[in-house]
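Right, one structure below, let's go through it.
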Amino acid sequence: MTRAERAAAARIETRRRHELATRLAAPHDGVVTYAMLHRAALTRGQVRSAIEGGLWHPAGKHTVSITSDAPTGRGLWWRALWESGASAVLDGVTSLFAWGLKNWNEELLDVTVAHNRRVRAIAGVRHHQVRET
């Protein structure tokens with residue numbers, strides 16, 4: 001195989017990976033988790049290569065923005081939930097937005113987690129912890 005053929009094959013493979021990631025991210029407004037990419041048979045090296053090449057962008061410790069530099073719209077909600085852990089749910093005004101609230105502005109996303117969860121601060125997210133009853 002010549003150098004040109006190898007380069008062409010690499011471009012085709014990169015395009016295939018990006019199309020796969022784009023399909024995975026579509027229901028989540030362009031955001032996926034690293035785990036979702038790995039379950040789709042993309043290796044850590046392939047994901048790292050796409051990020052280093054500027055094709056995808058890290059959005060947090062657990063999330064990647066596939067279709068833009070940073071999550072937007074509902075992608076921000078998915079990022080907030082996935083970065084906050086398995087028990088996380090949208091709360092407050094953010095949950096009302098998810099149900100269709102219009103004509104209201106809120107700077108922070110409200111996310112509630114279980115009382116025994118430790119969460120990292122996430123830019124743009126206000127965490128609430130439910131009390132044990």
Q: Specify which of the listed residues (GLY124, GLY85) is under 17 Å from THR33 (Cα atoms) and outside the structural domain of HIS18 (by TED's automatic domain parsing).
A: GLY85
Q. If we keep just the residues of the stretch 46-87 that are at pLDDT 95 or above, of a type in the set (A, V, I, L, M, F, W, C) and part of a loop (DSSP other than H, G, I, E, B), which is nearest to PRO27 (Cα to Cα)?
A. ILE66
(Q) I'd like to check something: does the stretch 68-88 contain any residue that is touching a residue at least 12 places away in the same chain (Cβ under 8 Å), surrounded by 17 or more Cβ atoms within 10 Å (Cβ to Cβ) and touching a Phe, Trp or Tyr at 6+ places or on another chain (Cβ under 6 Å)? (A) no
Q) Is one or more of the residues making up the stretch 121-128 without any contact (Cβ under 8 Å) to a residue 60 or more places away in the chain, more than 30 Å from ARG17 (Cβ to Cβ), surrounded by fewer than 17 Cβ atoms within 10 Å (Cβ to Cβ) and among the small types (Gly, Ala, Ser)? A) yes
Q: Could you figure out which of (1) more than 23 Å from ARG120 (Cα to Cα); (2) part of a helix (DSSP H, G or I) isn't true of THR94?
A: (1)
Q. TRP56 passes all but one of (1) of a type in the set (Phe, Trp, Tyr); (2) more than 30 Å from ARG16 (Cα to Cα); (3) in the same structural domain as LEU20 (by TED's automatic domain parsing); which number fails?
A. (2)
Q) In the stretch 1-45, what residues are farther than 26 Å from ARG74 by Cβ and surrounded by 15 or more Cβ atoms within 10 Å (Cβ to Cβ)? A) THR14
Q.
What's the number of the only condition in (1) at pLDDT below 95; (2) surrounded by 17 or more Cβ atoms within 10 Å (Cβ to Cβ); (3) over 13 Å from the mean Cα position of the chain (by Cα); (4) not acidic (Asp, Glu) that THR112 fails to meet?
A. (1)
Q) For ALA121, all conditions in the list (1) part of a loop (DSSP other than H, G, I, E, B); (2) hydrophobic (A, V, I, L, M, F, W, C); (3) closer than 16 Å to ASP29 by Cα hold save one; what is the number of the exception? A) (3)
Q: Would you mind telling me which numbered condition in (1) part of a strand (DSSP E or B); (2) among the charged types (D, E, K, R); (3) at pLDDT below 95 GLU106 fails?
A: (1)
Q.
I'd like the full set of residues that are of a type in the set (Gly, Ala, Ser) and assigned to a helix (DSSP H, G or I), limited to the stretch 1-45.
A. ALA4, ALA7, ALA8, ALA9, ALA10, ALA21, ALA25, ALA26, ALA35, GLY45
Q.
Can you pull out every residue in the stretch 61-109 that is more than 27 Å from GLU19 (Cα to Cα) and acidic (Asp, Glu)?
A. ASP91, GLU106, GLU107
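The values are calculated or read from the model by the stated rules, or taken from the named source; none is laboratory data. Values in this document were obtained by computation on a predicted structure and should not be read as measured data. Every residue, glycine among them, receives a Cβ derived from its backbone with ideal geometry; neighbour counts consider all protein chains shown.
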